[in-house]
Structures are given as structure tokens and as C-alpha cells.
1. Have a look at 155, 173 and point out the one that is assigned to a helix (DSSP H, G or I), at negative phi, at pLDDT 95 or above and open to solvent by 20 Å² or more (accessible area, probe 1.4 Å).
2. So which of 285, 274 is more than 19 Å from the chain's Cα centre (by Cα) and either surrounded by 21 or more Cβ atoms within 10 Å (Cβ to Cβ) or farther than 27 Å from residue 176 by Cβ (or both)?
3. What pairs come out if I take residues in region 164-192 that are over 19 Å from residue 397 (Cα atoms) and pair them with residues that are of a type in the set (Asp, Glu) and part of a helix (DSSP H, G or I) whose C-beta lies under 6 Å away, six or more apart or interchain?
4. Looking at region 227-261 only, could you name the residues that are surrounded by 14 or more Cβ atoms within 10 Å (Cβ to Cβ), over 20 Å from residue 336 (Cβ atoms) and in contact with a Leu (Cβ under 8 Å, 6 or more places away or on another chain)?
5. Could you tell me whether any residue of region 299-320 is surrounded by 20 or more Cβ atoms within 10 Å (Cβ to Cβ) and over 26 Å from residue 391 (Cα atoms)?
6. In region 1-41, what count of residues is obtained for those that are in contact with a Phe, Trp or Tyr (Cβ under 7 Å, 6 or more places away or on another chain) and within 27 Å of residue 409 (Cβ to Cβ)?
7. Mind listing whichever residues of region 73-116 are open to solvent by 50 Å² or more (accessible area, probe 1.4 Å) and either hydrophobic (A, V, I, L, M, F, W, C) or not in a loop (DSSP other than H, G, I, E, B) (or both)?
8. Does region 214-221 include one or more residues that are part of a strand (DSSP E or B), loosely packed, with under 13 Cβ neighbours inside 10 Å, of a type outside the set (Phe, Trp, Tyr) and more than 30 Å from the chain's Cα centre (by Cα)?
Amino acid sequence: MEGEWQEVAIGDAFDVNPYRTIKRGQVTPFIPMDALPGHARSASHIDEREFTGSGTKFQNGDTLIARITPCLENGKTVFVSGLSDGVVAHGSTEYIVLAGKPNQSDNLFAYYLARSPDFRRHAIGHMEGTSGRQRVPSVVVEKYVIALPPLPEQRAIAHILGTLDDKIELNRRMNETLEAMARALFKSWFVDFDPVRAKMEGRWRKGESLPGLPAHLYDLFPDSFEESELGEIPRGWAVVPLPEAIEVNPTRSLRKGTVAPYLDMANMPTRGHSPDEVVERALGSGMRFINGDTLVARITPCLENGKTAFVDFLDEGQVGWGSTEYIVLRPKSPLPDEYAYCLARSNEFREFAIQSMTGSTGRQRVPAESLAHFPIAIAPKPIAEYFGLLIKPLFTRPSVATKESRALTVVRDALLPMLISGELRTRSFGAYAKVMIS
């Protein structure tokens, strides 16, 4: 009856792998598997690639579900958005595409259905294939029976959950903007030496400011370069091996078996400095870290994918731990803590690290001792200290926003199964929902 929830198979109420067309050889947006998040709604990045005739095809409003192990177990699911109108994108053959049907089911509701614990348990429980290469067939999704609410209720559920995700996404974008500013400042001062060049060329005169550079910094920077093993560096600066300026894998005290914050490799961020999730776990074997440390994934493909984190999520005096495949970096005074993170995110550092990898194919890693061969140009103390004053606020605000997003994620994940199952109805949600998501 109208207004009632009805039991239906997903394949009857939604389009599973809907028909989309792309011409072979056409260059279209491409969403790789590593862009599918485990916690967020949007893809972390979208590439442009030529369609070779093989791959899943999709458009705005579709949901991509990773169907292969361990991606399915890790919750890799994304709601496709941000494409130009009418554009069909493509991606891995290991996606199942789910979309709403006109006048019957809602696209965004389909995404949250795919994220629900019951759906995931069903899919994981019906995977087929040999160990390590298991996948769930599309027909398993098509035949899965759910209690489907009327279309207006679907839209109301999607709106409640979507509002929470919208705020999480807004925080993510703000964080990316602030981090881009921090990394641009690092590159300008310590890689391109822009203030020195501006002073040499007369574009920055005493008493005047450049964009992003206060006038009172004028006397801190030299007006010429000198030769070094790195090439030209500002006069008076020093070139040193990385370990002379930054501690590599410093000792942190944490007893085996102690329950402490644990950051696993799956939650190491590829964009932004903060992980989406940190859990409590008894210490086994792993690298230890404290607030202010930078963590770099040293193993393939995590290093190539840019998995890097700045630790600012611990309580005062707390020690956390994580994978043995992390390298921990901590700048020595007068360099600010954030310097190591910006360096680790730089193209120069990543290229050096990738070229320094050793080991058999598929298990290559960067030896920590290889960083002794990476030279860096170190500025005098006043410049290093002022850089810290400028850059710290660009990390503090994202840290606050990330904590808020983690709290919103907990609320969303608690509401999702109750709303999808009908245990909690939107009409009874009322004023509480408005207060919670405002």
C-alpha cells in the first residue's frame, strides 16, 4: 500500500550496472580503486584516462561499490558527483554500479543502502573465488531483499544522512585549501627561495610587502645565492643530510600490551594531514609516535599513493602506535614540527623515497637509513621560527575541523542502519534532527 515499506529485491527497485556508453579510445574521467573512500562520500580524486573498452561505466548520481577483497570489507563505496552534465566516466571492472529508478527509488538513498551494515554483511558473506581474489557477483546484489520505504521517505532519509556528509565534505575541502596554502608557503621559502629572488630582483623593497610576505621579514632573507651540492641556495643557509635536521624514527616509550591509539595503514590519509579514524588497540609490534611527529608510509604502493600523516590527534603526553611500515620524522629545533610534514609531502622527497626503495617486486620499501642521503637546505633560526608562526594556524584549524568530522561520522554511522531499516522513522526524528545537523 502507498506509504508503507515493502519487501523487494534490489534488482527490482534499483538499476544494478545500468547501461552507459563510452566510445573506445575516448578520454573520460576515471575513478581508480584507491580513490574510493572507506568513510567519506566523495571520491578522493578523479583522473582522465582513455577508455580501452574494458571497465565499469557510470555517471553523476551512481554509486560505485568495490566488490573485491579486501576493498569490499574496507567499505570502499562512493557516490559519483562532480562530473559535467551528461558525461559518462569509467573505472575498475571490480565495481558494481547501483542507481535509482525514476519514480521508484532515489540515487542518494541507494548510496546509503550500499553503506548499510546489513548490505555489507550480505555482500561479504556471498563472495566467491579463491583466497585473496574473492569478489561478490552482481546477481547477489540484485537478489538481495530489503524493506524499501516509499520514495518520499527515501529522500528524507538521504537528506538527513546527506546533510551530515555535506558538513564532513565541507570540512574536508576547507582542510585541503589550508594545507595547500601551507605546502605552497613551504615550497616558496625552502624549495624555490622566492623571497631571496624577489629581493635580488628588486620586487621586494624594505618597507614593502609581497603577497603572503610581511614587510618586516625583509631583513631576514639574504639578497644573493651561493653554490652548494643542491645547486644555488640562499647565502648563509646550510645544506645538511636530513637526519641532521630531522630525527628519523625517534624513540617513544610505550609498553607492549598497553592499550593506546592505533593508526592502521588503511586509514593513513593520501590527502590532508589527519586520518579519518584512529582506534584503541593493545600494543603489539609497530612504530610509536607522539603529537608533532610526521608518519610516512614506506612500503609500495602506499608510498606512491602519498600516505602521510601529521600526528595531532593524541592527548597531551599520550603515545600512539601503528604499522611497522611507517617512518617517523620529527624536526629538531629551530624547525617547527610541521616542517617535516610539508617536506614529506613535497615532490622532491617523494621522488627520492620512491627511487630509494629496495626489495622484491610488490614488497618494496624505503630503508630508513637511506634518508641520510637526502640533503636539505636549512634556513637560519629566525626564518625557521617565523615559518613556524605562519604555518601552525594552517594546521590547527584543520585539526579542529577533523575532530568535528569524526564526531559527525559517529552520528551518521549510528543513524544509518536505523534509518535504512525503518527502526527509526524520519517523521519521529523531528526537532532533534534539525538541532543535530544545524
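The values are calculated or read from the model by the stated rules, or taken from the named source; none is laboratory data. Predicted, not measured: the structure shown is a model, and the values here were computed from it. FYI the Cβ positions are ideal-geometry reconstructions off the backbone, even for glycines, and counts take in every protein chain you see. When the accessible area is computed, the model is the full protein with side chains, heavy atoms only, and any ligands, DNA or RNA have been set aside. Shrake-Rupley method; radii C 1.70, N 1.55, O 1.52, S 1.80 Å.
1. Working: 173 fails: at pLDDT 95 or above.
Matching residue, one of 155, 173: 155.
2. On the way: 274 fails: more than 19 Å from the chain's Cα centre (by Cα).
It is 285.
3. Pairs that qualify, where the first residue is over 19 Å from residue 397 (Cα atoms) and the partner is of a type in the set (Asp, Glu) and part of a helix (DSSP H, G or I), are 188/194.
4. Result: 254, 260, 261.
5. Among the residues of region 299-320, at least one is surrounded by 20 or more Cβ atoms within 10 Å (Cβ to Cβ) and over 26 Å from residue 391 (Cα atoms), which makes the answer yes.
6. 2
7. 107 - this is the single residue of region 73-116 that is open to solvent by 50 Å² or more (accessible area, probe 1.4 Å) and either hydrophobic (A, V, I, L, M, F, W, C) or not in a loop (DSSP other than H, G, I, E, B) (or both).
8. So in region 214-221, the residues part of a strand (DSSP E or B) come out as none.
There is no residue in region 214-221 that is part of a strand (DSSP E or B), loosely packed, with under 13 Cβ neighbours inside 10 Å, of a type outside the set (Phe, Trp, Tyr) and more than 30 Å from the chain's Cα centre (by Cα).
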